[in-house]
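Visitor: Attaching a single structure in structure tokens format; questions to follow.
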Amino acid sequence: MDQTPKRRLFGTDGIRGTANTAPMTAEMALKLGQAAGLLFTRGNHRHRVIIGKDTRLSGYMLEPALTAGFISAGMNVTLAGPLPTPAIAMLTRSLRLDLGVVISASHNPYEDNGIKLFGPDGAKLSDETEMEIEALMATDLSARLAASGKLGRASRLVDAAGRYIEAAKSSLARGLRLDGLRIVLDCAHGAAYKVAPAALWELGATVISIGVEPDGFNINREAGSTVPQHLCAAVLEHGADIGIALDGDADRVILADEHGEIIDGDQILGLIARDMHEAGRLTGGGIVATVMSNLGLERFLGAHGLALHRTKVGDRYVAEAMRERGINLGGEQSGHVILSDFATTGDGLIAALQVLAVLVRSGKPASAACRVFTPLPQLLRNVRFSGASPLRLAHIQTAIAQAGERLGNTGRVLIRPSGTEPLIRVMAEGEDNALIQTIVGELCETIALATV
């Protein structure tokens, strides 16, 4: 039996849930601030934490609750306001802070919110550290909180946006400009609604911005990287050279070429990997991606003498593997792209800038430059369940093994539970699209019957 302690609050990307409903309440945020503040108080210096958020209405509830928790633990709090997740990670490290916090549910609708934490190195916390925080939150911390005279203070970082814009622009080679490029930019009414258009405009591009009118309720609503159809339509309407869609906290990106055709994270990873490899800037002999990345990407990299190292789903697992292997590029099919020479977590704007640099240098249209491999047919479906996971059942395991045998060396089957919902994700890919459709359909039916 698995004796690994189970996390109650933290999921694959921090704590997440419906705002003002357990666990995503002001009470929990206060307790989290106290526990994390105490855990990251190490040494005799005045400890500091930065808090950023996206544009959700509930950020106004969670931000002061977290602030109160950190102040009661004796930490000074720097408030950055609405900023992309990677901006907070960058500022945590560059300002030599003890902790960074982002209030965001990423690509989820406005009703949800989340809290994710970054250590002093700007990296997301490990599972073990999150477990320590959870354990502290379950105890009475009152005797450990700061004395009246040692409470922290709160202040605003007025140049936070400017610092991030300059950091993003500096990821391009000196002197490289985007003059002449016509770009549609969809910010999902989220955290990048000011900084992303400003960065592209300052680099010389003509920017047509959409999704830049947040009202607290419209984040990710019919906008951004999870609904790229609006980006594609806008590219055609405005005759743009390329479209860029970020999600609510701007840690992921999806592109559209000049024909309005989507370019996903796997293509972006392949393009940047080849470009960095040819320039001698790719370290570690390959890249890191998750189990979801297409086999076509793996074969493309192999043809260039590069390896694809896979992790479980979650960009922090990608980042951990990158550090372990000395690799400076990794990401996910969903659009998380980590370029560790410039950022410690997925950064949609910086990833987009690397693609734009390739377009500028090559002089090719996005449709030619950005499609570096032909993806194998891939199909993903979800099966909802209640109670215990059906994946534990012997006949389900047998069905999965048999499906893998049917594909042989021409494809693969991947079955995994969702990290945030009671869903089983059923994915298969391979050279025979009809076989893929059959296998996924049969597996979904088998799993669904087992949950009745």
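Visitor: Collect the residues in the stretch 159-202 that are basic (Lys, Arg), under 19 Å from residue 242 (Cα atoms), out of contact with any strand residue (DSSP E or B) (no Cβ under 7 Å at 6 or more places or on another chain) and not in a helix (DSSP H, G or I), keeping them in residue-number order.
Guide: The answer is 177, and nothing else.
Visitor: Among the listed residues 33, 43, identify the single one that is without any contact (Cβ under 8 Å) to a residue 40 or more places away in the chain and either part of a strand (DSSP E or B) or open to solvent by less than 70 Å² (accessible area, probe 1.4 Å) (or both). Please lay out each step first, then the result.
Guide: Working: 33 fails: without any contact (Cβ under 8 Å) to a residue 40 or more places away in the chain.
Of 33, 43, the one residue that is without any contact (Cβ under 8 Å) to a residue 40 or more places away in the chain and either part of a strand (DSSP E or B) or open to solvent by less than 70 Å² (accessible area, probe 1.4 Å) (or both) is 43.
Visitor: Scan the stretch 344-351 and tell me whether some residue there is of a type outside the set (Gly, Ala, Ser) and open to solvent by 30 Å² or more (accessible area, probe 1.4 Å). Don't jump to the end; show me each part of the working.
Guide: To start, the set of residues in the stretch 344-351 that are of a type outside the set (Gly, Ala, Ser) comprises 344-345, 347, 349-350.
Applying the additional criterion that residues be open to solvent by 30 Å² or more (accessible area, probe 1.4 Å) yields none.
Within the stretch 344-351 (the criterion being of a type outside the set (Gly, Ala, Ser) and open to solvent by 30 Å² or more (accessible area, probe 1.4 Å)), the answer is no, since none of the residues qualifies.
Visitor: If we keep just the residues of the stretch 257-306 that are in a strand (DSSP E or B) and farther than 24 Å from residue 126 by Cβ, which is most open to solvent (accessible area, probe 1.4 Å)?
Guide: Selected residue: 262.
Visitor: Go through the stretch 197-256 and count every residue that is open to solvent by 50 Å² or more (accessible area, probe 1.4 Å) and under 17 Å from residue 59 (Cβ atoms).
Guide: Qualifying residue count for the region: 4.
Visitor: Of the conditions (1) within 25 Å of residue 45 (Cα to Cα); (2) in contact with a helix residue (DSSP H, G or I) (Cβ under 9 Å, 6 or more places away or on another chain); (3) open to solvent by 30 Å² or more (accessible area, probe 1.4 Å); (4) not acidic (Asp, Glu), residue 139 fails just one. Which one is it?
Guide: (1)
Visitor: So which of 255, 231 is modelled with pLDDT of 95 or more, touching a strand residue (DSSP E or B) at 6+ places or on another chain (Cβ under 8 Å) and farther than 22 Å from residue 342 by Cα?
Guide: 231
Visitor: Of all the residues that make up the stretch 46-62, how many are within 18 Å of the chain's Cα centre (by Cα) and either at pLDDT below 95 or among the acidic types (Asp, Glu) (or both)? Don't jump to the end; show me each part of the working.
Guide: Of the stretch 46-62, the ones within 18 Å of the chain's Cα centre (by Cα) are 51-56.
When the remaining residues are screened for being either at pLDDT below 95 or among the acidic types (Asp, Glu) (or both), the result is 54.
Residues in the stretch 46-62 being within 18 Å of the chain's Cα centre (by Cα) and either at pLDDT below 95 or among the acidic types (Asp, Glu) (or both): 1 in total.
Visitor: Step by step: first the residues of the stretch 142-170, then only those that are open to solvent by 60 Å² or more (accessible area, probe 1.4 Å) and of a type in the set (Lys, Arg), then the one that is farthest from residue 64 (Cα to Cα). Which residue is that?
Guide: For the stretch 142-170, the residue satisfying everything is 163.
Visitor: So which pairs qualify, if the first residue must be in the stretch 93-109 and open to solvent by 30 Å² or more (accessible area, probe 1.4 Å), the second must be part of a loop (DSSP other than H, G, I, E, B) and of a type in the set (Ser, Thr, Tyr), the Cβ gap must be under 6 Å, and the two must be at least 6 apart or on different chains?
Guide: 107/226
Visitor: All but one of (1) within 30 Å of residue 286 (Cβ to Cβ); (2) open to solvent by 30 Å² or more (accessible area, probe 1.4 Å); (3) in contact with a strand residue (DSSP E or B) (Cβ under 9 Å, 6 or more places away or on another chain) hold for residue 384, so report the exception by its number.
Guide: With (1) within 30 Å of residue 286 (Cβ to Cβ); (2) open to solvent by 30 Å² or more (accessible area, probe 1.4 Å); (3) in contact with a strand residue (DSSP E or B) (Cβ under 9 Å, 6 or more places away or on another chain) applied to residue 384, the lone miss is (1).
Visitor: Please specify each residue of the stretch 418-437 satisfying the condition of being open to solvent by less than 70 Å² (accessible area, probe 1.4 Å) and touching a helix residue (DSSP H, G or I) at 6+ places or on another chain (Cβ under 9 Å).
Guide: Within the stretch 418-437, 424, 426, 427, 428, 429, 430, 435, 436 meet the criteria.
Visitor: Filter the stretch 398-417 down to the residues that are β-branched (Val, Ile, Thr) and within 22 Å of residue 374 (Cα to Cα), then identify the one that is least open to solvent (accessible area, probe 1.4 Å).
Guide: Selected residue: 413.
Visitor: Can you tell which of 313, 337, 358 is in contact with a Leu (Cβ under 8 Å, 6 or more places away or on another chain), open to solvent by 10 Å² or more (accessible area, probe 1.4 Å) and hydrophobic (A, V, I, L, M, F, W, C)?
Guide: 358
Visitor: Same structure again: Does any residue of the stretch 439-451 turn out to be of a type outside the set (A, V, I, L, M), in a loop (DSSP other than H, G, I, E, B) and in contact with a Ser or Thr (Cβ under 7 Å, 6 or more places away or on another chain)?
Guide: Within the stretch 439-451, one or more residues are of a type outside the set (A, V, I, L, M), in a loop (DSSP other than H, G, I, E, B) and in contact with a Ser or Thr (Cβ under 7 Å, 6 or more places away or on another chain).
Visitor: A further question on this structure: Does the stretch 110-136 hold any residues that are open to solvent by less than 60 Å² (accessible area, probe 1.4 Å), out of contact with any strand residue (DSSP E or B) (no Cβ under 8 Å at 6 or more places or on another chain) and within 28 Å of residue 188 (Cβ to Cβ), and which are they?
Guide: The answer is 123, and nothing else.
The values are calculated or read from the model by the stated rules, or taken from the named source; none is laboratory data. Being a predicted model, the structure only gives us computed values, none of them experimental. In this analysis, Cβ positions are derived from the backbone assuming ideal geometry, glycine residues included, and neighbour counts consider all displayed protein chains. Protein only, heavy atoms only, side chains kept; ligands, DNA and RNA dropped before computing areas. Shrake-Rupley method; radii C 1.70, N 1.55, O 1.52, S 1.80 Å.
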